[in-house]
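J.: Before anything else, here's the structure in question.
The values are calculated or read from the model by the stated rules, or taken from the named source; none is laboratory data. None of the values given here were measured: they were computed from a predicted structure. Heads up, the Cβs are rebuilt from the backbone with ideal geometry, glycines too, and the neighbour counts pull from every protein chain shown. These accessible areas exclude ligands, DNA and RNA; they are computed on the full protein's heavy atoms, side chains included. Shrake-Rupley method; radii C 1.70, N 1.55, O 1.52, S 1.80 Å.
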Amino acid sequence: MAAGSISEDEFWNSIISFLTLSSKIDRKWMIIDTQNGARYVKKTEIIKDTENKEHPIEDEDSAVFQGEESLDQSILTWEYHILYSQSFSVPVLYFNVHTQNGKLLSLDEIWKKVPETYQERLSEDRWTFISQQEHPVLGCPYFYLHPCHTAELMKNTPAVTDKRHYIVAWLSAVGPVVGLNLPLEYGKLCAC
Amino acid sequence: MSDDGNESRDSKNTETEEKSSPTSPSHAVESKIDVLLKPAGDAPIMKKKKWAVDRNKRIGWVGEFIKKYLKLTAQDSVFLYVNQSFAPTPDTEIGSVFDKFLQTSMKMTKITEGPWATSLT
C-alpha cells in the first residue's frame, strides 16, 4: 500500500476514533447507513452567508422555520460526507451546499467561497481539485475534493504512525479549503 | 531523495513547543509565545529553532514566515500540526493554540507539488 494511504479497515477504525471525539466536542458528525449496506459519515452545518462564512447558526429551528415570504437566501446548508476511496486507498470528502429553497450551488459559486488563501494557487487546478461527480452511495451529483494527492499529503504527516488519528490529521488539513473547520478541541482530545 | 522517483518532492516536519513569556502584567495581552521548531521526517533543520511570536499571530502567518525563512517557493506549502495529528485552521491565533494545549508540540509539513502545494496566508 502506498505511503500515506490506509486500508479500509484502518479507515473505519479511524472514523470510530473521530466520531468518539465528535460525540464529546460538537456532536455534529454521524454515520449514515443505507438500505443496501453502504455507509458514510456526514455532517450538516447551516451558515449565514457572509464574505467568509463565519457565522454558524446553532439554533437550527430559527434558521429553518421562517415564513416563506422571508426565506433568507443568505442562509446556506453545507453538507459534508466522508467516504473511503477504493481506488486511492484514502478518505474522500464529498460536499454540497444549498440555499433554503433547496437550490444547489454551482461549482462557480462554491469556488467563490474557497478562502482566498487557497484560491490563488488552485485557480489553475480548480477543475481537477474540486469537481463534481456521482456520489458513490447516493448516486446524485456531489462536489468532492479529488483524492489523488491525499496520500502524498498524508505520508508526511505525523498521524501516519498512529492510524487512529488519520482522519483528524487529514480533515483538519483539507477541510478549511471548503469551509470545514475543526475546533481546536479535536487536537487536544486526540491525545498521543 | 524519495523512493517514488519524484525527486522534486520534499517534506518537512518541524515541531514547536510553546511557553508563554509575558513581558509585564500590564502588557499581558501582548505577550509573546516562545515557539520551538524541531525537524521531523525529511524536514530541513532550521538554524534558528526558537522564535518569540505575538500571541495574536495566526497559524497561517507562522506558515508563511517559515516559508520565507527557509526560502521556499510559492509552489510549496506548509502545514502545521499540533499534538502529532491536528492542523489548526490558518486563521487560528497562536495564543488560542497555546491556551488550549499549554505545552504544545507542533509539526510542520511542506508539500511541494500538486494541488496541496498552496500558500497558507
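J.: Determine which single condition A:Arg27 fails, assuming it passes every other condition in (1) of a type outside the set (Asp, Glu); (2) modelled with pLDDT under 60; (3) open to solvent by 70 Å² or more (accessible area, probe 1.4 Å); (4) out of contact with any helix residue (DSSP H, G or I) (no Cβ under 9 Å at 6 or more places or on another chain).
T.: (2)
J.: Oh, and also: Does A:Thr44 satisfy the criteria of being part of a loop (DSSP other than H, G, I, E, B) and either modelled with pLDDT of 75 or more or over 28 Å from A:Glu152 (Cβ atoms) (or both)?
T.: No; evaluated as a whole, the condition is false for this residue.
J.: Return the pair list, or none, for Cβ contacts closer than 6 Å from residues in the stretch A:143-162 that are within 10 Å of B:Ser85 (Cα to Cα) to residues that are surrounded by fewer than 22 Cβ atoms within 10 Å (Cβ to Cβ) and at pLDDT 80 or above, at least 6 apart or on different chains.
T.: From residues that are within 10 Å of B:Ser85 (Cα to Cα), there are no pairs.
J.: Specify which of the listed residues (A:Glu58, A:Glu79, A:Glu10) is assigned to a helix (DSSP H, G or I) and either of a type in the set (D, E, K, R) or at pLDDT 95 or above (or both).
T.: A:Glu10
J.: Enumerate the helices (runs of 4 or more DSSP H) found wholly within the stretch A:132-192, keeping only those where 2 or more residues are of a type in the set (Phe, Trp, Tyr).
T.: Values: elements: A:150-154, A:166-174, A:185-189.
Output list reads A:166-174.
J.: Which of the residues belonging to the stretch A:85-101 are more than 15 Å from A:Met30 (Cα to Cα), among the hydroxyl-bearing types (Ser, Thr, Tyr) and part of a strand (DSSP E or B)?
T.: If the condition is that a residue be more than 15 Å from A:Met30 (Cα to Cα), among the hydroxyl-bearing types (Ser, Thr, Tyr) and part of a strand (DSSP E or B), then A:Ser85, A:Thr99 are the ones that fit.
J.: Out of all the residues in the stretch A:102-114, is one or more surrounded by 21 or more Cβ atoms within 10 Å (Cβ to Cβ) and either within 14 Å of chain B (Cβ to nearest Cβ) or modelled with pLDDT of 90 or more (or both)?
T.: Residues of the stretch A:102-114 that are surrounded by 21 or more Cβ atoms within 10 Å (Cβ to Cβ), as a first pass: none.
No; the residues of the stretch A:102-114 include none that is surrounded by 21 or more Cβ atoms within 10 Å (Cβ to Cβ) and either within 14 Å of chain B (Cβ to nearest Cβ) or modelled with pLDDT of 90 or more (or both).
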